[in-house]
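Presented below is the structure to which this report refers.
Read-outs throughout are calculated quantities, based only on the coordinates presented, and are distinct from any laboratory measurement. Fair warning: this is a prediction, and the values are worked out from it, not measured in the lab. Positions of Cβ are backbone-derived with ideal geometry, glycine not excepted, and every protein chain shown enters the neighbour counts.
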Amino acid sequence: MAVTFRMWQLHVREVEQRADEAERTRDEAAQRRAMEERLRIARELHDSLTHSISVIQVQASVAAHLARKRGEEVPPALLAIQEAGADATRELRATLGALRSEQDGDGSGLIQLDKLVARAQATGLPVTVTVTGAERPLPPEVGQAAYRIVQEALTNVSRHAGQACASVHLHYTPEALSVQVADDGQGTVAPAGARPSGPGLGLVGMRERVSALGGHLQAGPQDGGGFHVHAELPARAPS
């Protein structure tokens, strides 16, 4: 009787394990299909928008060339269009690359942080970066969220803070990644969610992205002036 009962227990455990494995396989397949669809949409947007942006850049370049040929000063608006077009193209390529990395389960948006900061500094915005804690690889979606938060925050500083300095602080703990971006500007700040967004991610978008990962975000004016954004992201993506 005891032997029969033990065999029955083993059989039940085996059935449960098979059920768990089947459920896990279905979840992974669904996630894979969703990622493939996201990547397909991203490719279509990339191809369509890159073509339109390229046309605008070519037209601006021709106009600038003709102005120089006539010995005239190139209007600053044309130079701004050329630079904005180049930035938009890089952004599209980076977004598509990030989605590919997520699909492959490799890479992190924070790999591009140095380039992001360098671009901000090139526009005249002083930016300092501090990293504390034990730095380590993160799930792609966590690293990408951190990158987007820094990107949007620095864009807002450039647009709304006037003459300001910005600081970026990343702090690693075993459980989470803390992302803080602050500035000492005196620009007018719109209410959360109403502040104009930068490249594809406003404050509302930040909160949605952070919430989807199981983290939380705070953003608002600082005492004494300036604005701060503080996100706490779990070190592991939700299952």
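Values computed for the structure shown
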| quantity | calculated |
| --- | --- |
| FRET efficiency estimate (nearest 0.05) - Cβ-Cβ, H228 to Q59, R0 35 angstrom | 0.30 |
| Gain upon complete extension [T123, I111; 0.36 nm per residue less C-alpha separation] | 2.2 nm |
| Peptides 123-130, 111-118 ordered by average Cβ neighbours within 10 Å, highest first | 111-118, 123-130 |
| Region 69-85 - phi-based ³J(HN,Hα) in whole Hz, Karplus 6.51/-1.76/1.60, Gly and Pro as x | 5, 7, x, 9, 6, 5, x, x, 5, 5, 5, 5, 5, 4, 5, 5, x |
| Sites T130 and H216 - FRET efficiency at Förster radius 22 Å, r taken between beta-carbons, to 0.05 | 0.55 |
